[in-house]
Amino acid sequence: MKHPEFVAVVVLVIATMFVIAVFINGDADKKIKLTFDYGLLTILFLFAFLILAAIASGKIDIGTLLSESGGGASISRFQLLIFTFVISISFFLVVVHTDTLPNVPATVLTLLGISAGTYGLSKGIQAAGNLPGKSPTPTTPSTLPPATTTSTTGNTATPPQQ
């Protein structure tokens, strides 16, 4: 068996659904709704746990999560990560304390859009810099071609090679 974790998740979900269907009092519609809701919640929780366990054991490498292809840190990725976590944790806490889903204000969606747009724009700029056929701009004097001069008589002179 290649992934015993997956089998464990499926067994736990089925067990949770069975417990809800048998031991919860009420009409059949309520039982079906609770069974489905808690089954999905259990699947989501267990898959999140499996991902965290794989990160902790080293199966999933997150060392380059916030880095660019060149190896440096990416401010746009960091901003997107922080905004997403702050907003999702805020909404989670609101749901826990009020037991209802809140309306998402347009300003929150705007901020998430700006953050995702910044990340997308930085990836576009990064990709445009790596286009095939585009030569890198020389920045050091050693990579510049030798200068040529033309005299008033029309002869061209090049400086001696070093």
Response to the item:
For the LEU12, LYS59 Cβ pair and Förster radius 22 Å, calculated FRET efficiency rounded to 0.05 is 0.60
Practice prompt. Select from segment 69-134 those trypsin sites (Lys or Arg not before Pro) which occupy a DSSP coil region and have at most 11 other Cβ atoms within 10 Å, ordered by residue number.
Written response: LYS134
Practice prompt. Using every Cα-Cα pair within segment 63-130, state what percent have a distance larger than 18 Å.
Written response: 49 percent
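What is the gain in length, in nm to one decimal, between VAL86 and LYS30 on full extension, counting 0.36 nm per residue of separation less the C-alpha to C-alpha distance? Write down the numbers at each step before the final one.
Working: separation 56, 0.36 × 56 = 20.16 nm, distance 3.33 nm.
Between VAL86 and LYS30, full extension yields 16.8 nm more.
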Practice prompt. Could you line up LEU41, LEU12 from fewest to most neighbouring Cβ atoms inside 10 Å?
Written response: LEU41, LEU12
Worksheet entry | Separation between Cα centres of segment 50-92 and segment 107-125, rounded to whole Å | 16 Å
Fill in: Ranked list, fewest to most other Cβ atoms within 10 Å of each Cβ, for TYR38, TYR119
TYR38, TYR119
Discussion item. Once R0 is set to 30 Å, what does the formula 1/(1 + (r/R0)^6) return for the Cβ-Cβ distance between ASP37 and LEU112, expressed as a FRET efficiency to the nearest 0.05?
Written reply: 0.70
Fill in: Partner lysines for LYS123 [C-alpha distance under 21 Å; skip if fewer than 8 residues away on the same chain]
LYS134
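May I ask you to compute the full-extension gain from LYS123 to PHE45, defined as 0.36 nm times their residue separation minus their alpha-carbon distance, rounded to one decimal in nm?
On the way: separation 78, 0.36 × 78 = 28.08 nm, distance 3.14 nm.
Going from the current span to full extension adds 24.9 nm.
Where a number appears in this text, it was derived from the coordinates with a stated rule and is not lab data. These figures come from a predicted structure and were not determined experimentally. Every residue, glycine as well, gets a Cβ built from its backbone with ideal geometry; the counts of neighbours run over all protein chains shown.
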